[in-house]
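Participant: Sharing a structure with you now.
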Amino acid sequence: MNLRTALATALVVLLLAGLGYWWWRTHERVEEWIDLPRSGEAASNPLYVLKLALKKDGVKALSRQRLQPDRYPLGARDTVLLLRDPRQLSASDAKALLAWVHGGGHLIVRTPPLGELSAAASIPVLTELGVKFFPQRETDCVAMYVEHQDSHVEFCQGRRFLLMERAPVPLRAWGADDTGYVFARLPQGRGSVDVIADLDFAVNAAGEEHEEAIKDAPHIALLRQLLAPNYRSGGTVHLIYAADVPSLWMTLLTRSWMAWGPMLLALLLWLWRRAQRFGPLLPSPASERRSLLEHVLASGEHVYRYGYGHLLHAAVRNAFLLRLRRRDPQAAALDGEPQAALLAERFKLTPAEIREALATPVARDHAAFRSRIATLIRLRNSL
């Protein structure tokens, strides 16, 4: 190793050592907690936190998107909470739920969300219980008071309901006949059905304004009272929800832009490069000409321009004489005046015109050249 290499190596080592010393003196390792977005069931199940809370409190809880009575049979002391729109229930599931409630089950069902709803619309479970709705949309909030807590309002986006005469007398009710009810516990056999205007206080992923709603103390108290009939009775709480899954195109738009963004940019750049530029219209460039007739014409003009017109005349005359030998051997065998006389009689010309056409023209005599070439071509075409 020579001296220059040794000095360069030492310099690099000193630089790396100085960089390492500066790094360890100016940087400090710290831990930072970052809340990641929900994934898996926590992102798709709005009752996920409620399920965890029930399990932590010693209550068996199951959550799913559909009722599935064949796979998950309902027990006599079970509770079913339907977060889904009751209009999505089939007639068979509604009939099975009411029969199960008569045997001791506890059903919690919400009213349909706000929107157009006919007063005469038949809604599974609710219509059988004698529940009807206002034809207009109700959005009045209801005041709620919990001990040692600030005043609270609920059901601001819930649909209130009325109880018809054939409806059973409610065990618990929240509301009035003139303004409508937001909650009613209706007895059915050995069980009961809770009809409630909304269940937004029980969810954990129903939008930014309700994302942590289940953690509020008033909401916990309301949920505890709502689940009271069969709470810790040895039964299971079945949480039925409708997963709000975004569309494929929305998912691609919001989460896959790192892939389609550069591809779209590349496509636009390619289209810009292939597109015609703005500006005045220009004529298309002349394409290459490959016509054989044009080459022959150009060759003839070149030969004639350089004084070789007699060769062109000789070629046309030989073409006429060759066809004359095939079509009229007798006239082709003659020569001189006899041939001129015979051809003049056949083509209705004078012997002088025949002799002039067969004779070689004088150089640079353009008129004589054109006349003789034209006559020879006409005679040849006439054979």
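Participant: What does the C-alpha gyration tensor say about the overall shape of segment 41-243? Classify as rounded when a/c is under 1.5, otherwise prolate if a/b is larger than b/c, or oblate.
Facilitator: Working: a/c = 1.37, a/b = 1.04, b/c = 1.31.
Here segment 41-243 falls in the rounded category.
Participant: Would you list which aspartates and glutamates come within 18 Å of Lys132, measuring only between C-alpha atoms, while excluding same-chain residues fewer than 8 positions from it?
Facilitator: Reachable aspartates and glutamates: Asp85, Glu116, Asp140, Glu165, Asp177, Asp178, Asp194, Asp198.
Participant: For segment 26-62, which trypsin sites (Lys or Arg not before Pro) are both in a DSSP coil and crowded by at most 16 other Cβ atoms within 10 Å?
Facilitator: Passing both the DSSP loop test and the Cβ count: Arg29, Arg38.
Participant: For the chain, what is the mean residue ellipticity at 222 nm derived from helices alone (per DSSP H run of n ≥ 4: -39500 (n - 2.57); sum divided by total residues; nearest 500 deg cm²/dmol)? Show your work: numbers first, answer last.
Facilitator: Working: 13 runs with 159 residues, N = 383.
After summing the helix terms and dividing by the residues of the chain, the value is -13000 deg cm²/dmol.
Participant: Among Pro218, Phe161, Val142, whose Cα projects farthest towards the positive end of the dipole of the chain, with charges put on the beta-carbon of Lys, Arg (+1) and Asp, Glu (-1)?
Facilitator: Farthest towards the positive pole: Phe161.
Participant: Sticking with this one: Given Cα positions, please report Rg to Rh for the chain, the hydrodynamic radius being the Kirkwood one.
Facilitator: My calculation puts Rg/Rh at 1.64.
Participant: Across segment 157-164, in residue order, what do the Karplus-derived ³J(HN,Hα) couplings come to in whole Hz, using 6.51 cos²θ - 1.76 cosθ + 1.60 with θ = phi - 60° and x for Gly and Pro?
Facilitator: In residue order, the calculated couplings are 10, x, 9, 6, 9, 10, 10, 6 Hz.
Participant: What is the angle, in °, between the Cα long axis of helix 217-226 and the longest principal axis of the Cα atoms in the chain? Nearest 10 is fine, range 0 to 90.
Facilitator: The two axes meet at around 80 degrees.
Participant: Among all the lysines, which ones have a C-alpha under 22 Å from Lys56's C-alpha, if same-chain residues fewer than 8 places away are not counted?
Facilitator: Lys215
Participant: Select from Gly191, Asn2, Ala340 the residue farthest towards the positive end of the dipole of the chain; place +1 on Cβ of Lys and Arg, -1 on Cβ of Asp and Glu, and compute about the Cα centre.
Facilitator: Going by the Cα projections, it comes out as Ala340.
Participant: Work out how far the C-alpha atoms of segment 292-382 reach from end to end along every principal axis, then list the three figures in whole Å, largest first.
Facilitator: 36, 27, 19
Participant: For segment 1-67, which chymotrypsin sites (Phe, Trp or Tyr not before Pro) are in a loop by DSSP, counting at most 10 other Cβ atoms within 10 Å?
Facilitator: For chymotrypsin sites (Phe, Trp or Tyr not before Pro) across segment 1-67 that sit outside H, G, I, E and B with at most 10 neighbouring Cβ atoms in 10 Å, the list reads Trp33.
Any read-out appearing in this document is the output of simple, stated calculations on the displayed coordinates, not a laboratory observation. Here the structure is a predicted model, which means the values were calculated and not measured. Positions of Cβ are generated from backbone atoms using ideal geometry, with glycine treated the same way; all protein chains shown enter the neighbour counts.
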